[in-house]
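K.L.:
Here you go, one structure.
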Amino acid sequence: MDTNSAANSAEGAVKEVAGKVQGAVGDVLGDTSTQLAGKARELSGKAQQLCASTTSLVRETTAESPFTAIAVVALAGFVAGALWAHGASERDYRR
């Protein structure tokens, strides 16, 4: 894991813990908005950690087997193009 991914993962962990604390404070005070804000912060931290680990995994995989990465990107582009073309045939631009 590179330093940027590690920093994002650590920042996400801090957000997650802060969200748990904020949610617990909301529970104690009976404040629903604080509970929800805490849960949102917690989920934001988890998402940031997931993004950091996914980015790291993609970088490592791309470095280990670049041709596989190119094939996956080409396939994703083909599928996106096919879906776009399929949707374009159903659009009516005469309005």
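K.L.:
Can you find even one residue in the stretch 85-93 that is surrounded by 10 or more Cβ atoms within 10 Å (Cβ to Cβ) and of a type in the set (Phe, Trp, Tyr)? If you could, list the steps in order and put the result at the bottom.
P.N.:
Here is the first cut: in the stretch 85-93, the ones surrounded by 10 or more Cβ atoms within 10 Å (Cβ to Cβ) are none.
No - not one qualifying residue is present in the stretch 85-93.
K.L.:
Among the numbered criteria (1) closer than 30 Å to Val14 by Cβ; (2) modelled with pLDDT of 90 or more, which one does Thr61 miss?
P.N.:
If we test Thr61 against (1) closer than 30 Å to Val14 by Cβ; (2) modelled with pLDDT of 90 or more, just (2) comes out false.
K.L.:
Sticking with this structure for a sec: Does at least one position in the stretch 43-53 carry a residue that is over 30 Å from Glu64 (Cβ atoms), within 14 Å of the chain's Cα centre (by Cα) and either of a type in the set (Ser, Thr, Tyr) or surrounded by 15 or more Cβ atoms within 10 Å (Cβ to Cβ) (or both)? Give the derivation first.
P.N.:
Step one: filter the stretch 43-53 for residues over 30 Å from Glu64 (Cβ atoms), giving 43-44.
If we keep only those that are within 14 Å of the chain's Cα centre (by Cα) as well, we get 43-44.
Now restrict to residues that are either of a type in the set (Ser, Thr, Tyr) or surrounded by 15 or more Cβ atoms within 10 Å (Cβ to Cβ) (or both): 44.
Scanning the stretch 43-53 turns up at least one residue that is over 30 Å from Glu64 (Cβ atoms), within 14 Å of the chain's Cα centre (by Cα) and either of a type in the set (Ser, Thr, Tyr) or surrounded by 15 or more Cβ atoms within 10 Å (Cβ to Cβ) (or both).
K.L.:
Could you look through the stretch 1-33, keep only residues that are hydroxyl-bearing (Ser, Thr, Tyr) and without any contact (Cβ under 8 Å) to a residue 12 or more places away in the chain, and pick out the one that is nearest to Val58 (Cα to Cα)?
P.N.:
First pass over the stretch 1-33, keeping only residues hydroxyl-bearing (Ser, Thr, Tyr): 3, 5, 9, 32-33.
Narrowing the set further to residues that are without any contact (Cβ under 8 Å) to a residue 12 or more places away in the chain leaves 3, 32-33.
Numbers: Thr3: 15, Thr32: 38, Ser33: 37 Å.
The residue in question is Thr3.
K.L.:
Please specify each residue of the stretch 1-24 satisfying the condition of being closer than 16 Å to Lys39 by Cα and among the hydrophobic types (A, V, I, L, M, F, W, C).
P.N.:
Within the stretch 1-24, Ala13, Val14, Val17, Ala18, Val21, Ala24 meet the criteria.
K.L.:
Next question. Out of Val28, Val72, Val58, report the one residue that is loosely packed, with under 12 Cβ neighbours inside 10 Å and either part of a helix (DSSP H, G or I) or of a type in the set (D, E, K, R) (or both).
P.N.:
Values: Val72 fails: loosely packed, with under 12 Cβ neighbours inside 10 Å; Val58 fails: loosely packed, with under 12 Cβ neighbours inside 10 Å.
Result: Val28 is the single residue among Val28, Val72, Val58 that is loosely packed, with under 12 Cβ neighbours inside 10 Å and either part of a helix (DSSP H, G or I) or of a type in the set (D, E, K, R) (or both).
K.L.:
Ser65 versus (1) without any contact (Cβ under 8 Å) to a residue 12 or more places away in the chain; (2) within 15 Å of the chain's Cα centre (by Cα): which is the lone unmet condition?
P.N.:
(2)
K.L.:
With the checklist (1) touching a Lys or Arg at 6+ places or on another chain (Cβ under 9 Å); (2) modelled with pLDDT of 95 or more in hand, flag the one item Gly26 doesn't pass.
P.N.:
Looking at each condition in turn, Gly26 falls short on (2).
The values are calculated or read from the model by the stated rules, or taken from the named source; none is laboratory data. Just so it is clear, the structure is predicted and the values come from calculations on it, not from any experiment. Reconstructed Cβ throughout: ideal geometry from the backbone, glycine too, with neighbour counts over all protein chains shown.
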